[in-house]
Amino acid sequence: MSSSTPTIGVLALQGDVREHLAALTGAGAQARPVRRAEELAEIDGLVIPGGESTTMSKLAVIFGLLEPLRDRIRGGLPAYGSCAGMIMLADKILGGRDDQETIGGIDMIVRRNAFGRQNESFEAAVDITGVEGGPVEGVFIRAPWVESTGSGVETLARLADGTVVAVRQGNLLATSFHPELTGDHRVHRLFTDMVRAAL
Ligand code: GLN
């Protein structure tokens, strides 16, 4: 494991795993899918992809991954969640299923499917603190938003109406949108730099 090329896993239970693997490779990381608890010991950082958080949560329980994921993240493993992944990193969620578990780690309340029917999918230019070179094209697909945050959470991006769509707390990063779908690897580069700094 060289300090310049961190190994970053993508939680591969469900969701757009392949796109994140490609974006991480483009950002200069060694990327690999993660499906088993033992594999959590072999990575320097973890991406939790977009997809369907209720399914991801169910599969994490079935595969015995939920507690190992919580332990590893509590222990300081850097993690980045996009969309459903943001929901998985939230300490609390609104609009989830009654039995829906999250990994948690970020002191925030996230509302699932927050943008409603008229606006289920849209794109918006998003300026992100820590990402240079102009706004990122944010792809929002039945996306969550951040309803409120605790004092240790930094807001990195808002939409024009003030809605919070990207946050960071320590080594944890989350976006409401999917930067892995656009071919722009700057958000994955930001996360890769966070992972490198934590090595
Ligand atoms: N609505 C999905 C969920 O609740 C998230 C959608 C996505 O990841 N694009 O998990």
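All of the numbers you see were taken from the coordinates with simple rules; none came from a lab. Nothing here was measured: the structure is a model prediction, and the numbers come from that model. Quick reminder, even Gly has a Cβ in these numbers, built from the backbone with ideal geometry, and neighbours come from all protein chains shown.
Name the residues in the range 52-65 that are within 16 Å of the ligand (Cβ to nearest atom) and surrounded by 20 or more Cβ atoms within 10 Å (Cβ to Cβ), would you?
Taking the range 52-65 and keeping what is within 16 Å of the ligand (Cβ to nearest atom), we get 52-61.
Result: Ser53, Met56, Ser57, Ala60.
Only one residue in Arg18, Arg32, Arg70 is in a helix (DSSP H, G or I), more than 23 Å from Phe115 (Cβ to Cβ) and either in contact (Cβ under 8 Å) with a residue 24 or more places away in the chain or touching a helix residue (DSSP H, G or I) at 6+ places or on another chain (Cβ under 7 Å) (or both), so which one is that? If you could, list the steps in order and put the result at the bottom.
Values: Arg18 fails: either in contact (Cβ under 8 Å) with a residue 24 or more places away in the chain or touching a helix residue (DSSP H, G or I) at 6+ places or on another chain (Cβ under 7 Å) (or both); Arg32 fails: in a helix (DSSP H, G or I).
The match here is Arg70.
What are the residue pairs meeting all of these: first residue in the range 85-106, first residue closer than 20 Å to Arg74 by Cα, second residue basic (Lys, Arg) and not in a strand (DSSP E or B), Cβ atoms under 7 Å, and 6 or more apart or on different chains?
Listed by first residue and then by second, the contacts come to Ile87/Arg112; Ile93/Arg112; Ile103/Arg70; Gly104/Arg70.
May I ask you to verify whether Pro49 is surrounded by 13 or more Cβ atoms within 10 Å (Cβ to Cβ), closer than 21 Å to Leu156 by Cβ and away from the ligand (no atom under 16 Å from the Cβ)? Working first, answer last.
Working: surrounded by 13 or more Cβ atoms within 10 Å (Cβ to Cβ): yes; closer than 21 Å to Leu156 by Cβ: yes; away from the ligand (no atom under 16 Å from the Cβ): no.
So Pro49 does not fit the description; no.
So that you can scan it fast, the table gives a plain yes or no per residue for (1) more than 25 Å from Gly45 (Cβ to Cβ); (2) of a type in the set (Phe, Trp, Tyr):
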| site | (1), (2) |
| --- | --- |
| Phe115 | yes, yes |
| Glu132 | no, no |
| Thr149 | no, no |
| Ala160 | yes, no |
| Ser176 | no, no |
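Suppose we filter Asn119, Asn171 for residues that are free of Cβ contacts under 8 Å to residues at least 40 places away in the same chain and of a type outside the set (Asp, Glu); which single one remains? Give the steps one after another, and end with the answer.
On the way: Asn171 fails: free of Cβ contacts under 8 Å to residues at least 40 places away in the same chain.
Only one candidate qualifies: Asn119.
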